[in-house]
Structures are given as C-alpha cells and as structure tokens.
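Engineer: Once you've had a glance at the structure underneath, I'll fire off some questions.
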Amino acid sequence: MNRSKNQQRPGSLAWQRRGWIITTVVIAAGALIGLVMPVAFRTEPTSPPITVRTTVHAGQLASAPQVPFTGMMWRDYHGVLLPYSADDGPRDTANDLATGFARTPRGALLAAVHIVVRANVRWGPKVFEPTIEDQVIGPDAEALLAAAREAYEELRGDRPDGEALGRGYVVLEGFRWQGYSPAAASVDLVSAGPGDSDVTVRAVTRVQVQWQGGDWRVVGPPGGTWAGSAAPVDSTDGYVRFPGGGA
C-alpha cells in the first residue's frame with residue numbers, strides 16, 4: 001500500500017530526509033543547523049519529542065558541570081561561528097575536519113558542537129563523510145551516513161559531485177547539560193536561524209557523546225535521523241548562553 005508524505009514510516013529514507021530538514025535549524029554534528037530550510041518546523045502540527053539515549057548509568061553522570069569560557073575563541077566556519085579552545089580542542093582542524101578534544105566537560109561540549117556541525121551535508125561529502133565515518137558511533141551511525149549521502153544528492157542540484165552547498169546561516173546560542181561523566185555526556189544545544197518574514201527560528205537538539213579511542217565521539221541519533229532528538233524552542237531561557245561570538 002502506498003503511503004502519503006504524512007504517513008511515512010520512521011525508518012524510511014523519506015523520514016530520514018525529514019530529519020535532515022528539521023536539523024537545518026539546529027546545530028551541529030552533526031547536529032545540529034539553520035543551513036537549508038529553517039522554517040521546516042512550521043509545517044509540523046506538534047513539536048517532535050526529544051529522545052534520550054542513555055550512554056552510561058545515570059548515577060555516573062553529573063547533572064550540570066561548570067564550563068569555563070575563559071580563553072575560548074570563536075572562528076568562522078563557512079558562515080557559522082564555532083568555539084575553539086587551546087586547552088580543550090579541537091586540536092586538529094586539517095581538511096576542514098575537527099578532532100582532538102580534551103576529556104573534560106568543555107572538551108565534550110566542544111566535540112558535540114564541532115562533530116554535529118561537520119556531519120551536516122552543507123559542506124559536501126569531503127567533510128560530512130569522514131566526520132560520520134570516524135566520529136559518529138553506535139548502531140545508527142551507518143543509517144545517518146546513508147541519509148546524509150541521499151540528502152546531499154537531492155540538494156546539490158546541478159553542482160558538481162562533491163562540491164559544498166554554500167555557507168551556513170545560524171548562530172549557536174546556548175546549551176544545557178543532561179549529564180556528564182569522563183565516559184559519556186549528554187547536552188542540549190540551542191541555535192537560531194532566519195525564518196519567514198525575518199523571524200528568528202530557534203531549535204534545541206540533544207546530542208550525546210562517548211569517550212572512545214582517545215577522543216569524544218557523537219552517538220548516532222535513533223534511526224539515523226535527528227528528527228526525534230530536535231524540537232523548536234521560543235527562547236534561551238533556562239540555558240547557559242554562549243558568550244561572545246556564539247550569542
């Protein structure tokens with residue numbers, strides 16, 4: 001039996017593409033981005049629920065570790081200002097990628113931001129493919145990569161294969177911890193992008209990371225789509241605001 005667009009199965013590629021569109025107003029990698037269709041939320045009658053994927057026992061997580069912003073720098077990444085720290089990373093940004101994060105709360109936060117942003121199709125397969133292949137883990141990582149590749153093919157139009165799709169238009173505004181330990185962390189990231197009639201659209205995305213192989217890696221979203229991990233928000237009330245370039 002044929003399904004309409006409103007009857008797509010959560011595991012289908014059509015549903016995964018919907019997830020990529022939703023995450024265009026959230027950050028990050030991959031996470032998480034205001035880059036393609038920031039008004040997509042307005043087509044939804046209700047906000048999608050945020051899915052919690054527990055990476056370690058709840059008793060091992062500190063609810064809200066302090067994250068000092070001293071020494072943090074903001075640099076342009078194709079239109080998106082991203083935070084950097086000499087102490088906490090990323091230590092290697094060759095080939096437009098970002099690796100090498102400290103095993104600290106700030107290192108986990110920076111990893112969540114950089115990996116989710118670079119996992120976005122906007123920058124082309126030279127960025128999103130190695131990011132997802134090397135820095136996204138879990139049972140849904142392969143589905144995330146497949147969805148990204150298909151979304152890129154649909155969005156690139158007449159551009160040469162491999163070419164980036166253009167600059168991003170998003171501001172990282174804040175975050176709120178769901179939990180942190182030296183083994184795993186969960187954080188909600190808030191970003192904003194332009195919507196219809198110059199209205200600012202905000203979204204929050206829950207990103208989870210694990211320490212594996214000497215670095216932080218993002219846990220792939222359920223089903224390979226960020227749709228269940230993202231939701232629109234009206235303001236940054238209740239979140240820690242990023243200083244300087246991020247807000």
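Engineer: Only one of these conditions is not met by Ser85: (1) closer than 22 Å to Thr205 by Cα; (2) polar (S, T, N, Q); (3) in contact with a Leu (Cβ under 7 Å, 6 or more places away or on another chain). Which number is it?
Structural biologist: Just one mismatch for Ser85, condition (1).
Engineer: Only one of these is surrounded by 16 or more Cβ atoms within 10 Å (Cβ to Cβ) and touching an Asp or Glu at 6+ places or on another chain (Cβ under 6 Å): Ala143, Ala147, Ala192, Ala185. Name it.
Structural biologist: Matching residue, one of Ala143, Ala147, Ala192, Ala185: Ala192.
Engineer: Something else now. Could you list all residues from the stretch 150-166 that are charged (D, E, K, R) and either over 17 Å from Trp226 (Cβ atoms) or loosely packed, with under 14 Cβ neighbours inside 10 Å (or both)?
Structural biologist: Within the stretch 150-166, Glu153, Glu154, Arg156, Asp158, Arg159, Asp161, Glu163 meet the criteria.
Engineer: Criterion first (buried (at least 23 other Cβ atoms within 10 Å of the Cβ) and either in contact with a Pro (Cβ under 7 Å, 6 or more places away or on another chain) or closer than 20 Å to Gly79 by Cα (or both)) does Ala203 satisfy it?
Structural biologist: For Ala203, the condition - buried (at least 23 other Cβ atoms within 10 Å of the Cβ) and either in contact with a Pro (Cβ under 7 Å, 6 or more places away or on another chain) or closer than 20 Å to Gly79 by Cα (or both) - is met.
Engineer: Here is a follow-up. Taking into account only those residues within the stretch 230-240 that are in contact with a helix residue (DSSP H, G or I) (Cβ under 9 Å, 6 or more places away or on another chain) and over 18 Å from Val121 (Cα atoms), which is surrounded by the most Cβ atoms within 10 Å (Cβ to Cβ)?
Structural biologist: So, considering only residues that are in contact with a helix residue (DSSP H, G or I) (Cβ under 9 Å, 6 or more places away or on another chain) and over 18 Å from Val121 (Cα atoms), the one surrounded by the most Cβ atoms within 10 Å (Cβ to Cβ) is Ala231.
Engineer: Next question. Pick out the one residue from Asp76, Asp96, Asp88 that is under 25 Å from Asp134 (Cβ atoms), among the charged types (D, E, K, R) and buried (at least 18 other Cβ atoms within 10 Å of the Cβ).
Structural biologist: Just one listed residue meets the conditions, Asp88.
Engineer: Do we find that Ala151 is small (Gly, Ala, Ser), assigned to a helix (DSSP H, G or I) and either closer than 25 Å to Gly213 by Cα or under 15 Å from the mean Cα position of the chain (by Cα) (or both) in this structure? Don't jump to the end; show me each part of the working.
Structural biologist: Values: small (Gly, Ala, Ser): yes; assigned to a helix (DSSP H, G or I): yes; either closer than 25 Å to Gly213 by Cα or under 15 Å from the mean Cα position of the chain (by Cα) (or both): no.
Criteria not met by Ala151.
Engineer: Is there any pair linking a residue in the stretch 111-134 that is over 15 Å from Gly220 (Cα atoms) and modelled with pLDDT of 95 or more to one that is crowded, with 24+ Cβ neighbours inside 10 Å and not hydroxyl-bearing (Ser, Thr, Tyr), with Cβ under 7 Å and at least six apart or on different chains, and which?
Structural biologist: Final answer for the pair search is Val127/Arg118.
The values are calculated or read from the model by the stated rules, or taken from the named source; none is laboratory data. Source: prediction; values computed, not measured. Virtual Cβ from ideal backbone geometry, glycine too; neighbours counted across all protein chains shown.
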